[in-house]
Amino acid sequence: MRKYFIHTMGCQMNEYDSQRIASILEKMGFVPAETMEEGDYLLVNTCSVREKPQHKADSAIGRFKQIKKKRPEVKVGFCGCVAQQDGEKILKNSKFIDFVVGTDGLDRLEEVIACVENGRRLCDTQVNDGELTIGSFRRNVSVSSFVTIMKGCDNFCSYCIVPYVRGREKSRTPEEILTEVRYLADNGAREVTLLGQNVNSYGKGLDEKISFPELINEVSGLDSIKRVRFVTSHPKDFSDELIDIMQNNEKVCEYLHLPLQAGSDRILKAMNRKYTYGHYRDMVMRAKERIPNLALSSDFIVGFPGETDEDFECTLNALREIEYDTIFAFAYSVRPGTGAEKLVDDVPEQTKKMRLAKVLDLQKEIITRRSKEYEKTVVEVMVEGRGKKDENQFSGRNRQNKVVNFSSEKELNIGDFAKVYITQARPNSLYGKALEEDSDVRG
Ligand code: SAH
Ligand code: SF4
Ligand code: F3S
């Protein structure tokens, strides 16, 4: 039996796409390889959001090249966002690569592989028209699973390559999404995360009129689904209707990823984010007031062209004021073809590094203090794993998406819910023990 190996980089959407690639290959009779070395088909699913992940693709592909040197019958495939971006150039520059498949090309992957089997080298970076259909596919279902509900982005933030490599915003029909969620639920999923670059504009362009909050209600209507999460929301489209549903629908977890990117209005404008810090702050404060124990997370870019020390200070102030539970911060990286490519990348690398370190240090200070608030409280945890050495040890996440490690006298299974008394809080994880009987649960 021939084996495949997929190396995945980038965001959850790439993880999802890799599961889809795996299912297509398995339908064609391939089986997963334990290691890269034993794969007959070696695929890399790439990310081009910054320079660093793009370089990671080069190093993965370099390893594939070594394997192919020893076993020339091996086929090498280059997929994902860098594939969409560079297309034919990849085939031209790297003779050992057999096929390049862009972000919309998964629909035709089976045909592409059939051609590769016949000895052809080819590139499919065709962009699909019409609505987004993924259909249903079989996969190894995990208790917490992702479902793509839309793809692409129409926002064109000036630094970002995603609209170019993922194309225009397209939504999947609610029927298709519900069929997939039902399949996941039937196979053990208890938590689903709805994925899109900009989930708040879900439904745009569909024949059926449906908003994102309405979709959440439909998904959470399935009995076996106990928790619903979603990423990513764009602050300019974040609505009070969504706050309502987070407040009223008990399956929707109190966790919101709402990327601010920068605290300075001047920089936000240059980034084409279409909101001011004041607007963002008011919205977040409203959400915090109405949703008890809401955890917030955000992405930040430091060193955007023209960012002065004063601008950067605004980002630090935003961190202090909002008090996020988690942040992802990046140094600005020029991306080919984006609006900001025309701006002079004038913040020295050293300054970008220093600002990044400052942001991360400040956040660490904030979260160390905030995490402590969990000590001596009880949280709801969905069991996602158990200790390898100690049978009584379990792990999972609370509703706020924090990792919780705990012990339990009672036997628990993956997908069970436990009420856990927190004895120790570290910045990134909580520790505690499961309660035997019912008691009040925080959040
Ligand atoms: N759709 C999501 C996330 C897209 S990419 C959103 O709109 O928030 C994930 C994160 O990568 C972004 O939020 C941004 O913080 C970061 N990012 C994107 N382009 C970047 C660039 N050119 N340089 C540095 N960071 C970047
Ligand atoms: Fe990129 Fe902006 Fe779209 Fe997010 S909203 S994917 S940052 S263009
Ligand atoms: Fe990267 Fe593509 Fe996701 S560029 S962040 S893998 S959409």
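The values are calculated or read from the model by the stated rules, or taken from the named source; none is laboratory data. What you are looking at is a predicted structure, and each value in this text was computed from that prediction instead of being measured. Cβ atoms come from the backbone with ideal geometry, glycine included; neighbour counts cover every protein chain shown.
When segment 191-217 is limited to residues that are within 16 Å of residue 148 (Cα to Cα) and of a type in the set (Gly, Ala, Ser), the one that is nearest to ligand 1 (Cβ to nearest atom) turns out to be 196. Can you find a residue that is farther than 28 Å from residue 262 by Cα, of a type in the set (S, T, N, Q) and modelled with pLDDT of 95 or more anywhere in segment 354-370? No; the residues of segment 354-370 include none that is farther than 28 Å from residue 262 by Cα, of a type in the set (S, T, N, Q) and modelled with pLDDT of 95 or more. In this structure, is residue 147 of a type in the set (A, V, I, L, M, F, W, C) and either surrounded by 22 or more Cβ atoms within 10 Å (Cβ to Cβ) or farther than 29 Å from residue 32 by Cα (or both)? Taking the combined requirement at face value, the residue satisfies it. Of all residues in segment 109-121, those satisfying the criterion of being surrounded by fewer than 17 Cβ atoms within 10 Å (Cβ to Cβ) and either in contact (Cβ under 8 Å) with a residue 60 or more places away in the chain or of a type outside the set (A, V, I, L, M, F, W, C) (or both) are 110, 111, 117, 118, 119, 120, 121.
For segment 23-62, which positions are among the hydroxyl-bearing types (Ser, Thr, Tyr) and more than 16 Å from ligand 1 (Cβ to nearest atom)? Walk me through how you get there before you give the answer.
Narrowing segment 23-62 to residues among the hydroxyl-bearing types (Ser, Thr, Tyr): 23, 35, 41, 46, 48, 59.
Those that are among the hydroxyl-bearing types (Ser, Thr, Tyr) and more than 16 Å from ligand 1 (Cβ to nearest atom): 23, 35, 41, 59.
When residue 185 is tested against (1) within 21 Å of residue 413 (Cα to Cα); (2) within 16 Å of ligand 2 (Cβ to nearest atom), just one condition goes unmet, and that condition is (2). Taking segment 346-365 as the range and being assigned to a helix (DSSP H, G or I) and surrounded by 18 or more Cβ atoms within 10 Å (Cβ to Cβ) as the test, the residues that pass are 352, 355, 356, 359, 363. If you go through segment 232-256 and keep only what is within 16 Å of ligand 3 (Cβ to nearest atom) and over 19 Å from residue 220 (Cα atoms), you end up with just 234. Is there a residue in segment 328-342 that is on the phi > 0 side of the Ramachandran plot, at pLDDT 95 or above and acidic (Asp, Glu)? For segment 328-342, residues on the phi > 0 side of the Ramachandran plot, at pLDDT 95 or above and acidic (Asp, Glu): absent. In segment 152-175, is there at least one residue being over 22 Å from residue 287 (Cβ atoms), more than 15 Å from ligand 3 (Cβ to nearest atom) and hydrophobic (A, V, I, L, M, F, W, C)? No; the residues of segment 152-175 include none that is over 22 Å from residue 287 (Cβ atoms), more than 15 Å from ligand 3 (Cβ to nearest atom) and hydrophobic (A, V, I, L, M, F, W, C).
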